[in-house]
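To keep things clear, I will list the structure first and then write my remarks on it.
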């Protein structure tokens, strides 16, 4: 009872007393009992309008229940629930429009967040279907650089029984496989190095004995690598720099090697690129390079310049020293077999500085371990190299876009004017234009919505920009995963549904309090007032 | 005419027919048997069979002349076998006019009896035998035929791949006869399937029958060389070609202008024989006292047959520069039958017979030849006979190893005394012999314990002087627990006592101890002769140890001129130009890159390919074709699929998904895993936001 309630009750009682005395004292004592009761009714109704009147109600006993069937519901369990009950049944969330509904039972896989939002605000009880075996979550990197490993990681739900074999196939070849033996949810990882140059669709196949449980497309795109421009500053001629320069040049990267051979004398090698003199470093010269690899002995004179360039322009600096001192704020990148750090990296402004004491990696090349050598220096240079300046970058909102489901498009755009998104599929070259809205606070971010009409690879680009490829899955791909998502979303919605004044959702039969509609009380006031007015006229 | 004469005539006719049937059955049986053999050798035609049958028939008719039986012969035979006829059948044959009255009477009587008598069947036995023979041969033949059809059927299933089995239109029938070379010992086979798997050097005959008259029938090998088939007969419907299968590849039939699918022609090369020597081991040392006869067990295998195998043994005698070699070839002393593919061969290497003396070494290897003339040889194996005289020499003992020389002498002494004991065996009593042997065993034990010390092993066995007297000798030691414990405990292998050796030396020392153990066991059980090899081995190992502990450091004498620090880096460099090198590594698109691109192009699945994509596919098809030529079994299906894809691409039609997948599968095998290559990361425009943040973050 709040203060408001006390005031209302007090005032009502006072009013009632006043009105009743007036009626009682009236000369014409005809229909006294009627008048008195009408007065009482009037005051009570007025009080009820002012006070929140609720009543207790149960879910199962009495009340009006409804059943919403969503995809994947189990017929038998619905029939069992409905036994001799006359409850209205709906097949779609949009159809649920029953006044005075007390509780809604949802059967099946549940609803998406958007669909949940369309439901009337009544208590919901979710009866999820039994989960079948399948992939319930998945992640892999869709766009890779050449030579990068594609790791497909996820969770597999297996309700039990025989072990399930997961295969990764592509190009009509089994690329990797794993077996899931444990019951319930378990992690898995499959990996392969994509061999194609461009796009390809691999397949994830779940086998239970001879039965195929699932077969899902795994699209993977191998991007064309962007060449680096590397400046190597060597304090003295050595094999290490010689081999790194050779390896980089062989792979098409631009390399400029400046080797000190005497006081003020340099041996220069321009591989795949031509810049002016490099005897004296200047910001203008360093702008032409992505990565500078320098011996610690060379750095003595140009240290400040290089560091400034790293901080301001995002240049990658690799410092080769015979001794590696670990400084705070650094991260160990490569360790030897004893766990000692051989390569460490630290952020420095916009760029990164990498320290290394690797001096004899060229022996790996001489021993024929080309792959290991390439992997080692790729991991180092990848960290050092900054990001290229692109004019646009596309991002798409659900990770697994589905045909005929909206896809949120996000564009980070550096150009001027209004960008438009041109969508094309692999088969048709006619493009669909999407208009984008600018975000008010971040002027370079543009948003839009797109409804893909067909499954498969799709491309998106602006008027001048390069194509970005993305993939749309068919409606029946990743079934288990989408089911799991829907179930979790529905459960989350029910848990977070605070706008419904119910004590607790869940088990049927629990009582709740519902407000009584105010209209009834207004009606009572009008009726009693009318009676009192008309009675005087008679 | 008498009534018996017609009986006589019918008997004669029956016998004659039976004789003919006998000859016929015999001829059928024999000729069938022979045709089967001929079929195996490649002459499976029906005409050979008929000719053979005719010849054998003639021979049989000549050898078994029973079919030529005359009426007179029949009469004589009847006379012989049927006594009731009273040897008077001959009368029936004579004309009535020539017979006397008595003869007539007799003839009538005989005629009557002939009608009633049980006539003999002299050819029945032969007929039954011939029939059985013929039936048996027919059964064998039928079984053989059944077997062959089953085998061919299975073979076909193996050979036909990817379900491709259509021949070009216009061809009614194709027969391919493969005649494997003689060394394989395999029969000639005919098949309808055009996918061939033939032995190297096999003769392949194609016989192609067309539906209609064809102007040209040719086979295109490896997509390049076209060979025309020869027409047999004038109607131009039967075509033939023979060719020796020498290299793997694929081929295609061409009838007038229509081309068939690609078929593989896989040539199976003959392998060289495989030799594995089971015993003895690669390095064997025969110590003194051990048997000088070693058994050599060799397994020789080949895919078609081994024709010869020998052991080549070389004895090396002498040392230093005076090493002499003597080579001997030993045979395994057994015949090699044709067609047997695996042999387990045994030979005894008698070292004495080979002329091996102590200090010599025997090098040997096994050589085998298969029936195609290919030869292979095994690894070189070595048997060495150590020179005991060298072991006994004292040379080199004065240097190196930190072990007391007397210990070595002891081991040598034990050997000398053992040999002495063995020489004296006949002159001394058994008791003395045993005692001496036991004494030597004790010596050996002491020696072993001495060496055991180096490894930190227990020096003494079971201390005998355990007593309180030693535990607490002085009054000051009373209650000294450490001392008491010291006296009564057996201090086992104490690592601290061990000399620090390298693990390898330790191991060898342990091996030496094991040999000493063995020697001691034999000596103590009075078997000095058996102990001798172990003693020698122990000595040899000790000798090795002694050699190992030596190190050699070469003397070096380089004197470097000392540097003058004042002069360093003071030279004039003005006229020295800075060297400059450079170059552009233009990366040409390799075949592998093209394959990678094509893999992606083929993965699209839907839609026709555009011009650029077709260009990539065309380039790749050549690469795939080369591989298909070299390994048709692996790549032909993919190459064929690729051709179909290109065909649909040119017609601007959607390619079959299965074709794309097949081609991809073949190409995937040709592409290696790409190596890592650094690249700039993909950035995202942020209108200088992060730079702004960086510039302001450290501002106070």
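Structure above, values below:
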quantity	calculated
Three-way shape label, the range B:554-700, alpha-carbon gyration tensor, a/c 1.5	oblate
Degrees, to the nearest 10: B:611-630 long Cα axis against longest axis of chain B	80 degrees
Backbone N within the range A:415-441 under 14 Å of label point (7 Å from residue B:695 Cα along the Cβ vector)	none
Förster radius 41 Å - calculated FRET efficiency between residue B:99 and residue B:132 (Cβ-Cβ, nearest 0.05)	0.35
Chain B: angle of helix B:46-63 to the longest principal axis, Cα-based, in degrees nearest 10	60 degrees
Separation between Cα centres of the range B:8-70 and the range A:402-432, rounded to whole Å	91 Å
Convex hull volume of chain A per residue (C-alpha atoms, cubic angstrom)	279 Å³
Average beta carbon contacts from partner chains per residue of B:570-582, 10 Å cutoff	4
Chain A: angle of helix A:3-25 to the longest principal axis, Cα-based, in degrees nearest 10	20 degrees
Residues residue B:297 and residue A:78, FRET efficiency given R0 of 56 Å [Cβ-Cβ distance, rounded to 0.05]	0.10
Relative contact order for the range B:176-330, counting Cα pairs under 8 Å that sit 6 or more residues apart, in percent	18 percent
Fully extended contour minus Cα-Cα distance, from residue B:205 to residue B:284, at 0.36 nm per residue	23.0 nm
Cα gyration tensor shape for chain B, rounded if a/c is under 1.5, else prolate or oblate	oblate
Neighbouring partner chain Cβ atoms per residue of B:681-694, average, 10 Å criterion	6
Distance-filtered residues of the range B:106-141 - backbone nitrogen under 12 Å, label point 7 angstrom along residue B:81 Cα→Cβ	B:118-127
Computed [θ] at 222 nm, deg cm²/dmol, chain B (DSSP H ≥ 4; -39,500 (n - 2.57); rounded to nearest 500)	-14500 deg cm²/dmol
Cα gyration tensor shape of the protein assembly as shown, rounded if a/c is under 1.5, else prolate or oblate by comparing a/b with b/c	oblate
Theoretical ellipticity at 222 nm over chain A - DSSP helices of four or more residues, -39500 (n - 2.57) apiece, nearest 500	-8500 deg cm²/dmol
Contact order normalised by residue count of chain B, Cα under 8 Å, 6+ apart, percent	8 percent
Rough spin-label spacing in nm, given labels placed 7 Å along Cα→Cβ, for residue B:63 and residue A:520	12.4 nm
Separation of the residue A:44 and residue B:269 label points, Cα + 7 Å toward Cβ, nm	10.9 nm
Fully extended contour minus Cα-Cα distance, from residue B:235 to residue B:584, at 0.36 nm per residue	119.0 nm
Computed E for residue A:29/residue A:9 - FRET, C-beta separation, R0 22 angstrom, nearest 0.05	0.15
The range A:1-60 and the range B:408-432: distance between their alpha carbon centers, rounded to Å	137 Å
Relative contact order computed over the range A:315-468 (Cα-Cα under 8 Å; 6+ residues apart), in percent	17 percent
Added length on full extension, which subtracts the Cα-Cα distance from 0.36 nm per residue, residue A:304 to residue A:389	28.1 nm
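No lab work stands behind these numbers, since they all come straight from the coordinates. On a predicted model such as this, the values are computed, not experimentally measured, just so you know. Using ideal geometry, Cβ is built from the backbone for each residue, glycine included, and neighbour counts are taken over all protein chains shown.
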